[in-house]
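Every read-out reported here was derived from the displayed coordinates using simple, explicitly stated rules and does not represent laboratory data. Computed from a predicted structure; not experimentally measured. Every residue, glycine as well, gets a Cβ built from its backbone with ideal geometry; the counts of neighbours run over all protein chains shown.
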Amino acid sequence: CPAKTSLRAMPRFDGAKKERLGLAVRGLCGAVIVGLHVRMAQAFATPAPTPWNYVPSRQFELCVDGNTKPGQFNNSRLLQLALPEGPTPSGGWPVMISLLVVPFGSTNGTSCAPPPPPPTPQCSALLQPLARTCHGGPNGSDTNNHTAEYACLRCVYENRSVTSMCKSHELQQWCNVRSKVRSYSPWAPPQEVLSGCFPGNVPGDYASSTACGQAFDPHAGAFWEQRYKQRLLDSDIAVLLISPYKGDTWDAYEPAWSTGLDRPFFEALFSLFNGGSTGPVGTLDRGTVFVQGWSAGAQMVSWLIESQFRGHLYTGTTIVGGLFMSGGSHACYSNPPNAIGVCADCDPTCGNEQSRRFLGMAGRGNSRSRRQAPSGRCPISTITPGCSSCNSSGSGVNNTVKPCCGYCCPNDFAEQYFADFPEQWPRHPPAFLIQMSSYDINADLCAGANYHTTLTRHGVASTLVCVSEDDERCFCVGQPDDPAAAGAPYTQQCLTKIPNCNPATEKSSFFAGNQTTLCCLGHTMGFAAMVEPLLAFVLANTPRDPGGGTAMRNY
């Protein structure tokens, strides 16, 4: 979202209209969203504010088996579900499905899969000589933190004989790579997300030694993710959280979809809706499904839309809206010859440099298996030529710098189905997208803008909301002078003055630098100004029960 405008540069609304719309319009990406939500607000008003300490009373954990067969990888996954208060609507609860990148741990000890088997004797024999050099730390035994875990993996992956004999789960187990889970519960009030980061809640008291210092979701805006979950549940929208079968991994491309684990899982999941299960998941309506994803999860949202129209989801499953956080089309980040549009001739040696520093490997698309040294040309995605698809026409007469494949999403393309059958565009689900304005550390800066522009060009409703440049440094806690952040308990942390909050150098250190530094992670999963527009989008695309009564409240 490369727009440089903020509310300061937009026509002012009077206070009464702001209140009537129930929208936080600070920092929106141009006039498109303002016009769209003025029209939406004429149909209904958003509900009254939800208390910040709201916790849903109807919380559930369950395991759904994605048709695991004997001898196959266990495809049973932990699902976390919260239902609104009151009786179930006649057609079932409309639901927002959140495709997680970093999962939540179980709150009651639910376990859906047995632990993986230990390394085979053949693998162990190859790993043993590497213990001293690869186990991290000065004594070759420090595997008690995530940095050492991945230093160990990086070391092991340099040994081809080991990687040819050992499976990935064996290497991860040997390096003591633990599954990362969030440090707060899935339905915790927003303030719990940041309580470990700022235990005293006075400006500059960031506690880097806590669990907050080992995670990125609090720094990317998880505070606001928890807030919009509160708002949805308080507005009669169920919320279902789904973990990937492996962290940050979704089968959002072929042949992974046809041969992998996600397709049978989603087939099994949607079969349980609308009474297919006697449990709480059976109260969900597969005909009113919103799908939300952040980062890699956003690409999976696009892929599920593709899959619905290809007939690859359970019969009757209807995605009525896609919510994309810092991402766009499933075709993003591909290398030639699979890259599309402006990315068709992209440079596969650059983009997503932080992932390459991580394991010495390219971090995107088809280049995942190719070991490369980072070029350093594009440490983050910006409007700099080649470092995003923004204002790019690919390589050629008008643009001699090829865009980096790792930071390139196609233009004029959403899903392959609609490229193959353009007459079907009127059936495409509406979209809600958010992104940074001036840089993104882990996505094409124009991932959301390209998807949004493609949909609007074809007459599909789309909403794009951006973090304004004024708010990028502090979006994860909120600006004290932002009406959309009113009531948020940590906005004072933004008052700390920072002389050098440089995302190009500080992107890997979250609330970067020292105890007087606050610099949010430039790959947003939520911010104050997007909460009410998101709620408005979901409610506008949720069919009302014509009978009213015990079904959904008529806002």
Original post:
Once Lys and Arg get +1 and Asp and Glu get -1 on their Cβ, which of Ala252, Ala339, Leu272 lies farthest toward the positive end of the dipole of the stretch 195-349?
Top reply: Leu272
Subject >> Packing-based ranking, highest mean first, of 447-454, 230-237 given that Cβ atoms within 10 Å are counted >> reply: 447-454, 230-237
Subject >> Around Met96: net Lys/Arg minus Asp/Glu count, Cβ-Cβ under 12 Å >> reply: -1
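Applying a 10 Å radius around every beta-carbon, put 468-480, 76-88 in order of their mean neighbour count, most first.
The densest-packed peptide leads the list: 468-480, 76-88.
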**OP:** With a/c under 1.5 counting as rounded, go ahead and sort the stretch 382-478 into rounded, prolate or oblate using the C-alpha gyration tensor (a ≥ b ≥ c being the square roots of the eigenvalues; past the cut-off, prolate if a/b is larger than b/c, else oblate).
**Re:** oblate
**OP:** For the stretch 214-278, just say rounded, prolate or oblate: build the C-alpha gyration tensor, square-root its eigenvalues into a ≥ b ≥ c, call rounded for a/c under 1.5, and beyond that prolate if a/b exceeds b/c, oblate if not.
**Re:** oblate
Original post:
In debye to the nearest 20, how big a dipole does the stretch 246-325 give about its Cα centre with +1 on each Lys and Arg Cβ and -1 on each Asp and Glu Cβ?
Top reply: 120
Subject >> Ordering of 166-173, 405-412 by packing [mean C-beta count within 10 Å, highest first] >> reply: 405-412, 166-173
